[in-house]
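The values are calculated or read from the model by the stated rules, or taken from the named source; none is laboratory data. No experiment lies behind these values; they were computed from the predicted model shown. Quick reminder, even Gly has a Cβ in these numbers, built from the backbone with ideal geometry, and neighbours come from all protein chains shown.
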Protein chains: 2
Amino acid sequence: MNSSHQELIAINSAFYDAFSNGKSTEMSEIWSENENISCIHPGWGSVVGRIAVIRSWQSILANPPKIHCANPQTFINDHSGYVICFEEIGNNRLIATNIFHYEKSGWKLVHHQAGVTRPIDRSEKSSKKLIH
Amino acid sequence: MNSSHQELIAINSAFYDAFSNGKSTEMSEIWSENENISCIHPGWGSVVGRIAVIRSWQSILANPPKIHCANPQTFINDHSGYVICFEEIGNNRLIATNIFHYEKSGWKLVHHQAGVTRPIDRSEKSSKKLIH
């Protein structure tokens, strides 16, 4: 894995750290300063524009879930990249697409969509552990 | 709206035309030839790699839903762009993120995620018509 992929994994982890721990300042800094950003929270419509996106996170981070990012996979094309990953909340999980752009200050989040996926199969997880 | 945004709207429409009408050849051509593409169908995990992605569509297009794209919004950064839109299937609807890269042959789809959103409020739609 080259450094760009590692950087993308790191900023994606920082996003889930801010999410899980209700760090609204860090969350605001992870998102691009560009006005043209967007977000689709599970079950919501689309939220478009930096002010609306950051406001949507402030309401979520006031009472944050314990959320854990699992199996992140990175895809990079030039100065754009995205990460797909599972979001584990207790025994439930969602699946997400996080789009980042490489800006002067590094990778910045420009779009997030999370939605339901099939539940965690704990037996599948433990059998995978045996294989690896 | 400049020509890139119009091109993105057009390829996104072609995607939903192929989807709704079960056109598997057109669907295959809309996706990038790049091996590193991905797809998250509603309720599924992630499908990664061109062969797996195209195969997943073949099974869906064998019995395609009547799906209509509504309210597409485009976001472009250099040679990458994405569209967020609603997917209306009868009275149900999903919300999607479609990521495209600009390649030699034009915009090509590299990632699609669709998930549940709030249902269509027909009264909301008709009241909007009155306002506009």
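Summary of computed values
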{"quantity": "Only one of A:SER56, A:SER38, A:SER80, A:SER24 that is over 14 Å from the mean Cα position of the chain (by Cα), crowded, with 21+ Cβ neighbours inside 10 Å and at pLDDT 95 or above", "calculated": "A:SER80"}
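Every residue, every condition in (1) within 22 Å of B:CYS85 (Cα to Cα); (2) among the charged types (D, E, K, R); (3) at pLDDT 95 or above, yes or no:
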residue	(1), (2), (3)
A:GLU87	no, yes, yes
A:ILE95	yes, no, yes
A:TRP107	no, no, yes
A:VAL110	yes, no, yes
A:GLN113	yes, no, yes
A:ILE120	no, no, no
A:SER123	no, no, no
A:SER127	no, no, no
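Residue by residue, here is whether (1) touching a residue at least 24 places away in the same chain (Cβ under 8 Å); (2) within 21 Å of A:TRP31 (Cβ to Cβ); (3) of a type in the set (Phe, Trp, Tyr); (4) at the interface with another protein chain (Cβ under 8 Å from one of its Cβ atoms) holds:
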| residue | (1), (2), (3), (4) |
| --- | --- |
| A:TRP57 | yes, yes, yes, no |
| A:LEU61 | yes, yes, no, no |
| A:ILE67 | yes, yes, no, no |
| A:ILE95 | no, yes, no, yes |
| A:LEU109 | yes, yes, no, no |
| A:ALA114 | yes, yes, no, yes |
